[in-house]
Amino acid sequence: MDKKDNPMSRLMELAAPYKGEYVLSVILAILGVAAGLLPFFAVSKIVILLMDGETSVSVYMEWCLIAGIGFLGKVCFANLSTLVSHTATFATLAEIRLKLADKLTRVPMGYMINTPSGELKNVLVDCVEGMETTLAHLVPELTANLCIPICILIYLLFLDWRMALAALITLPIGMLCYKGMANGYEEKFQGLIMRVRKMTSTVVEYIGGIEVIKAFNQSANSYQKYSDAVEDNASYAVNWMKSVQLYKSMLVTIWPSVLVCVLPIGCVLYRNGSLSVPAFVTCIVLSLGIITPILNAMNFTDSISQMKSVVGELCTVL
């Protein structure tokens, strides 16, 4: 595939002037991830101290302070990361719109006459706006959400590789559910995009031509076209969600249930004397922090697919 035909390469090319800002955003997101791990360690340490019979309040306050610093650092770094990425994104989107406007001043007049106003609005407004989530959130937040479980898993392997594997047992089972959700995803998503564009184009044309429609007494026919486009878009989305609801429900139930495997396996290892109490408690607490970031990262599936479609359409215009 030629580089200009690759949506990802083209997107990176459009955002190249602000590459430094995006790198800084990712670094801040990773620092936020590191700070977000501190409360897990603090909680596990507090539980271990309680089990050892520690009665000094100052010791517990120290670990509570560490947990608070971790939460505060996570929030601060995450907000700074989002601020930097949004600043770079809005500047990138402004340049893209300027390039599109410049391109429209150089296209043949016949193109402007034959292209519906709704289609032009879709490219200039909706397509460009649709890139905001991808550029501003996907890069830093996806990186952070993937770093959290990787860091936790590495530490669990350091503590006890058997407990690390126990914490991952629900992942392949959940992946089967995810595979069921993703079956035919590309085709279904493209079908949804086509219906959204058709609805947007119909709405713009209907509102823009309402005076002419009323003047020639064509309200019923024109409104029927508008109504059909809206209902087709809504029914398609609802039917798609219904078809994957069972898989989604199983996924969000199975993936977070890590303790179903961690607790019994850990008890067996502890009873056999091959797992210490501090390591067992730490594994229990840290295993709870593996799945939620993965679920958050999974939410970017639509953004990635939308990005491919949007950038692909912009590539045909720029």
Using the Karplus equation 6.51 cos²θ - 1.76 cosθ + 1.60 (θ = phi - 60°), what ³J(HN,Hα) coupling, rounded to whole Hz, does each residue of the stretch 153-166 give in order, writing x for Gly and Pro?
5, 4, 5, 5, 5, 5, 6, 6, 5, 5, 5, 5, 5, 4
If packing is taken as the average number of other Cβ atoms within 10 Å across a peptide's residues, how do 234-240, 84-90 rank, most packed first?
84-90, 234-240
Does anything in the stretch 19-42 have its amide N under 17 Å from the 7 Å Cα→Cβ label point of N296, and if so which residues?
25-41
Least to most buried among E141, E13, by other C-beta atoms within 10 Å and fewest first, runs E13, E141
Most exposed first, judged by fewest Cβ atoms within 10 angstrom, M298, M12, M109 run M109, M12, M298
Once the piece of chain linking V107 and A91 is laid out straight, how much longer is it, given 0.36 nm per residue of separation minus the C-alpha distance between them?
3.3 nm
Two-site label geometry, K179 and L49: point separation in nm, points 7 Å out along Cα→Cβ
4.6 nm
Would you please give the FRET efficiency between M194 and Q224, computed as 1/(1 + (r/R0)^6) with r the Cβ-Cβ distance and R0 = 25 Å, to the nearest 0.05?
0.80
Arrange the peptides 24-36, 47-59, 151-163 so that the one whose residues have, on average, the most other Cβ atoms within 10 Å appears first.
24-36, 151-163, 47-59
When R197, R106 are ordered from fewest to most other Cβ atoms inside 10 Å of their Cβ, what list results?
R106, R197
The simple spin-label model distance between I27 and V59, using points 7 Å out along Cα→Cβ, in nm, is 3.9 nm
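Read the figures in this text as sums done on the coordinates, not as results from a lab. These figures come from a predicted structure and were not determined experimentally. Neighbour counts run over all protein chains shown; Cβ positions are idealised from the backbone, glycine included.
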